[in-house]
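Please treat every number below as a calculation from the coordinates, not as lab data. Just so it is clear, the structure is predicted and the values come from calculations on it, not from any experiment. Every residue, glycine among them, receives a Cβ derived from its backbone with ideal geometry; neighbour counts consider all protein chains shown.
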Amino acid sequence: MDLWIVFFILAAALVLFVRELLPIDVTALLVLTALLTTGILTPEEGLRGFANPAPITVAAVLVLSAGLIRTGAVVKMGTSISQLGGSTELGQMTVILSTVGVLSAFMNNTAAVAIFIPIVLGIARDKQISPSKLLIPVSFAGILGGICTYVGTSTNIIVGSILEEQGYEPFRMFEFTPLGSLFLLFGIIYLLFFGRRLLPARRAQEDLTASYHLREYLTELVIQPRSRLIGKTLKESKLSLANDIEVLEIRREKSRLNSLLPEIELRENDLLIVKGNIDKIMRVRHSEGLDIHPEVKLGDQDLQSPDVLLAEGVISSNSGLIGKTLKEIDFRRRFQATALAIRRHGGDIREQLGRVKLHFGDTLLIQGRRDRLQGLRNSHDFMLIMEDSSTPHYRKRKMTAAVGIFVAVITLAATGILPIMVAAILGCLAMIMTRCLTIQEAHEAIDLRIVFLIAGTLSMGLALQKTGGAELIANQLIEFAGPYGPRAVLAILYLLTMVLTELMSNNATAALLTPIAIEIANGMGVDVRPFAFCIAFAASASFLSPIGYQTNTLVYGPGGYQFSDYFRIGLPISLTIWMLSTWLIPVLWPF
């Protein structure tokens with residue numbers, strides 16, 4: 001009976017993961033709660049995931065990566081890319097992909113890709129290259145770089161921690177490097193000479209209002225002499241609240257008023273720059289005594305001034321805005337900026353933005369004052385992308401210390417002097433003690449969603465093992481492909497892992513399938529190591545969709561991509577790495 005309960009919970013979790021009905025960390029915690037409530041796991045077993053080295057090590061690596069970012073070490077490397085790559089698209093791609101790939105091997109690859117997106121967009125703008133030609137390759141290079149070392153991606157850490165917990169030899173720091181480096185080299189060559197030809201050239205010369213198809217939603221309204229709005233503030237008039245129309249700016253004679261808009265008292269002949277559905281605007285013009293300029297098509301230049309800018313903000317993975325609406329967080333007052341549109345999964349949302357629950361990877365088109373947007377650059381809620389060339393404040397005097405601490409952590413872990421988790425925790429403390437990071441910045445760097453996801457899905461893996469579910473699934477795979485040898489079973493397991501990671505997430509897939517891989521190895525009487533590496537590589541090999549891996553989600557909005565773009569460029573690389581893995585994993589780690 002317990003087995004069927006576990007399979008039911010697993011099926012429900014898969015539906016929630018795929019449909020994104022709830023945030024992934026909430027789904028993982030619901031799974032844990034269900035397993036505890038039904039008695040499948042004891043409280044001690046259920047909470048074991050939080051004490052597992054995997055979430056602790058992942059959190060520590062995120063803090064170490066933040067130290068490199070906050071001191072400017074990563075950006076310093078990125079600033080030299082433009083000169084090294086020359087003026088050609090091929091030259092720029094060669095340098096960018098190589099840099100991101102190598103960097104992703106030694107720091108969290110999601111953080112590496114996130115910090116490089118604004119750098120790459122700046123290069124694309126300066127060199128007149130379409131961003132869509134660069135950003136998916138950057139994401140793929142980050143994924144491939146991450147599988148070159150143990151700490152490059154959380155997937156490797158999860159698989160290694162489960163192995164160690166089961167009593168097997170843990171992964172070594174550079175045990176992934178020979179095969180991972182081969183995959184990275186292949187990926188870069190493929191992207192340079194074949195993959196980039198499959199990608200569209202979008203948004204090269206297009207301004208932001210046109211990119212988000214906002215022009216038909218922007219117009220000018222003039223307050224007529226007999227308007228009932230005269231003498232009222234915007235807040236008192238309830239113009240926006242009652243008609244779902246947003247006032248972005250008030251132009252009065254030669255002045256442009258855009259601060260504290262709700263408190264400004266309206267006057268005759270004020271020109272209102274508004275955003276809203278044109279049908280609603282046409283209906284309100286008579287009732288409110290307004291004149292409309294329907295022939296006016298506003299663009300970026302009309303929404304910007306020396307003090308006001310447009311920017312794009314990508315919701316980060318550890319943002320406190322996830323799962324909340326703009327209205328709930330009082331976006332305009334909290335950030336002193338206006339959200340004009342939301343881009344999600346290739347589509348643009350332009351109406352009733354206040355009611356839309358925000359997701360990780362959503363890209364917001366934001367209008368705000370220059371000084372306030374500059375302040376948002378350091379917010380952990382957004383990855384801010386803006387035309388302005390100024391850079392955030394970095395602690396450059398601490399750069400040498402941050403790099404030294406990071407190198408020391410890698411050295412201690414690689415030589416086996418300290419376990420990776422212990423070395424990483426010591427590195428985090430050193431980052432804070434040397435003031436490379438503040439305690440607040442260290443807290444913000446930790447993505448609790450990943451920690452909860454890992455802990456919750458580890459409990460699911462434990463439940464599968466405890467009830468015999470992992471053994472049952474393993475036996476079915478052995479029965480299906482076993483007669484053709486362990487290599488055939490490895491190939492099927494890789495495909496299964498690759499498909500699941502596209503549907504839910506790399507971390508959840510690794511946590512669920514590693515116990516099954518262990519049961520397969522035991523059932524066939526072979527070494528567990530090749531099957532563990534199969535899970536690690538395949539769970540990271542997410543090239544077919546924007547939702548399987550965080551780096552793919554991050555570049556979706558800024559690149560203006562469609563879902564099909566990932567599949568078109570990702571299918572050849574996915575199939576090739578699958579065949580190479582099936583051939584080479586047993587060579588490096590014999591059965």
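Quick one: which of LYS254/LYS280; LYS254/LYS327; LYS275/LYS327; LYS76/LYS398; LYS76/LYS396; LYS235/LYS275 span more than 20 angstrom between C-alpha atoms?
Distance filter (> 20 Å) returns LYS254/LYS280; LYS254/LYS327.
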Work from the charge dipole of region 308-386 (Cβ charges, +1 for Lys and Arg, -1 for Asp and Glu, about the Cα centre) and give the residue of ALA339, MET386, LEU365 farthest towards its positive end. ALA339
Reachable lysines from LYS324, criterion Cα separation under 20 angstrom, eight or more residues apart if same chain: LYS357
Subtracting the Cα-Cα distance of THR415 and LEU21 from 0.36 nm times their residue separation yields 137.4 nm
Stretchable slack from LYS327 to GLU253, in nm (0.36 nm times residue separation minus alpha-carbon distance): 23.5 nm
With Cα coordinates, the longest principal axis of the chain makes an angle with the long axis of helix 469-481, in degrees rounded to 10, of 70 degrees
More than 20 Å apart: what percent of Cα pairs in region 308-386 qualify? 19 percent
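Got a sec? How would MET383, MET1, MET421 order by Cβ neighbour count within 10 Å, fewest to most?
So the ranking, lowest neighbour count to highest, is MET1, MET421, MET383.
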Pseudo-spin-label distance ARG228 to LEU10, built 7 Å along Cα→Cβ, given in nm, is 6.3 nm
Tell me, which longest segment in the chain has none of the GluC sites (Glu not before Pro) that fall in DSSP loops with at most 11 further Cβ atoms within 10 Å? 296-591
Under 12 Å from the 7 Å Cα→Cβ point of LEU198, by amide nitrogen: which residues of region 573-588? 573-577
Cα centroid of region 311-334 to Cα centroid of region 392-449, whole Å: 28 Å
Region 100-118-region 537-588 distance, computed between alpha-carbon centres (Å): 16 Å
Rounded if a/c is under 1.5, else prolate if a/b beats b/c, else oblate: with a ≥ b ≥ c from the C-alpha gyration tensor eigenvalues square-rooted, which is region 423-572? oblate
